[in-house]
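Inspection log for the structure reproduced underneath, given as structure tokens.
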Amino acid sequence: MERTSDAPESFTRSADPARANDYDSFAEAYAADTENNLVNAYYARPAMLALAGDVAGRRVLDAGCGSGPLTAALRDRGAVVTGMDASAAMLALARRRLGDDAPLHLADLSGRLPFADGAFDDVVASLVLHYLEDWGPTLAEIRRVLRPGGRLIASVEHPFVAYTFEDPRPDYFATTSYTFDWTFNGRSFPMRFWRKPLHAMTDAFTTAGFRLAVISEPQPDPAARELFPDGFHDLSTKTTFLFFVVEVPPSATGSDH
């Protein structure tokens, strides 16, 4: 249940956790809604690309690639990109976008990744980790498939934002879930996220053997100011997502995973 995600057409509280996060059921609508919208196209993806920097020639795993817009952008910048997602419907859309030769894998981040140790220079996980209650096993697997000196570039719901979805406000320091319904084309789809305090996020990275390089709260692309005048002010003045760059120490070996 790990896929890229953010603001859809609309959402309401409630949702059935047992049926939550079934991206196969709304893949087409989600991909269409997020292709060129404010939050994805002019905030989340540009921020990930800026943190990745020069990726020419680097082997990159897009973990939770969805329909492949970030995969395509990284490939356009010269990276050798592999896509992975737990949704077959999302991967079908990514295949349509990226072509038959693109390496795409149906796999869930909560299990063992289908890649060799040290297979990648970078892993990008855009708006993915907040679907997981326990980041530990996933981060250990991501570290395994990264070479020494490799990077994980990740974004999640900002922990301050996540604690505004429930009233009364829960214990900030507890790891808790919240559910709501996303609505596309008049149909509701239940979603479930896990919220953690900031220190739990950074502790999870360091426990998995990463060292923290960057914590970022970026601004949206300035071009969004004229394209989305109603939403730009809120997005540029309030917390939305939190971005990390964490690194595998250059001396790391597979024996300490």
It is to be established whether one or more residues within region 95-117 are of a type in the set (Phe, Trp, Tyr), within 15 Å of the chain's Cα centre (by Cα) and farther than 21 Å from Asp76 by Cα. no
If you take the residues in region 171-196 that are touching a residue at least 24 places away in the same chain (Cβ under 8 Å) and more than 28 Å from Asn37 (Cα to Cα), which one is surrounded by the fewest Cβ atoms within 10 Å (Cβ to Cβ)? Phe173
Residue check, Leu109 under 26 Å from Val248 (Cα atoms), modelled with pLDDT under 95 and crowded, with 18+ Cβ neighbours inside 10 Å: yes
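Determine if region 177-197 includes at least one residue that is within 15 Å of Val245 (Cα to Cα) and either among the hydrophobic types (A, V, I, L, M, F, W, C) or in contact with a strand residue (DSSP E or B) (Cβ under 6 Å, 6 or more places away or on another chain) (or both).
Going through region 177-197, the residues within 15 Å of Val245 (Cα to Cα) turn out to be none.
The answer is no; no qualifying residue exists.
Residue-by-condition table, conditions (1) under 29 Å from Ala27 (Cα atoms); (2) acidic (Asp, Glu); (3) modelled with pLDDT under 95; (4) in contact with a Cys (Cβ under 7 Å, 6 or more places away or on another chain):
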{"position": "Gly150", "(1), (2), (3), (4)": "no, no, no, no"}
{"position": "Tyr172", "(1), (2), (3), (4)": "no, no, yes, no"}
{"position": "Phe189", "(1), (2), (3), (4)": "yes, no, yes, no"}
{"position": "Arg192", "(1), (2), (3), (4)": "yes, no, yes, no"}
{"position": "Ala200", "(1), (2), (3), (4)": "no, no, no, no"}
{"position": "Ala213", "(1), (2), (3), (4)": "no, no, no, no"}
{"position": "Thr239", "(1), (2), (3), (4)": "yes, no, yes, no"}
{"position": "Phe243", "(1), (2), (3), (4)": "yes, no, no, no"}
Looking only at residues in region 15-31 that are in a loop (DSSP other than H, G, I, E, B) and surrounded by 16 or more Cβ atoms within 10 Å (Cβ to Cβ), which one is modelled with the highest pLDDT? Phe26
So which of Thr12, Thr34, Thr4, Thr71 is surrounded by 18 or more Cβ atoms within 10 Å (Cβ to Cβ), modelled with pLDDT under 90 and among the hydroxyl-bearing types (Ser, Thr, Tyr)? Thr4
Taking Asn40, is it surrounded by fewer than 20 Cβ atoms within 10 Å (Cβ to Cβ) and either touching a helix residue (DSSP H, G or I) at 6+ places or on another chain (Cβ under 9 Å) or under 23 Å from Ser188 (Cα atoms) (or both)? no
The one condition in (1) touching a strand residue (DSSP E or B) at 6+ places or on another chain (Cβ under 8 Å); (2) outside any loop (DSSP other than H, G, I, E, B) that Asp203 fails to fulfil: (1)
Is it true that Asp181 is part of a strand (DSSP E or B) and acidic (Asp, Glu)? yes
Answer yes or no as to whether Leu104 is farther than 26 Å from Leu242 by Cβ, modelled with pLDDT of 95 or more and either among the polar types (S, T, N, Q) or surrounded by 16 or more Cβ atoms within 10 Å (Cβ to Cβ) (or both). yes
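The values are calculated or read from the model by the stated rules, or taken from the named source; none is laboratory data. All figures in this text were calculated on a predicted structure; none of them were measured in a lab. We place every Cβ from the backbone using ideal geometry, glycine too, and count neighbours over all the protein chains shown.
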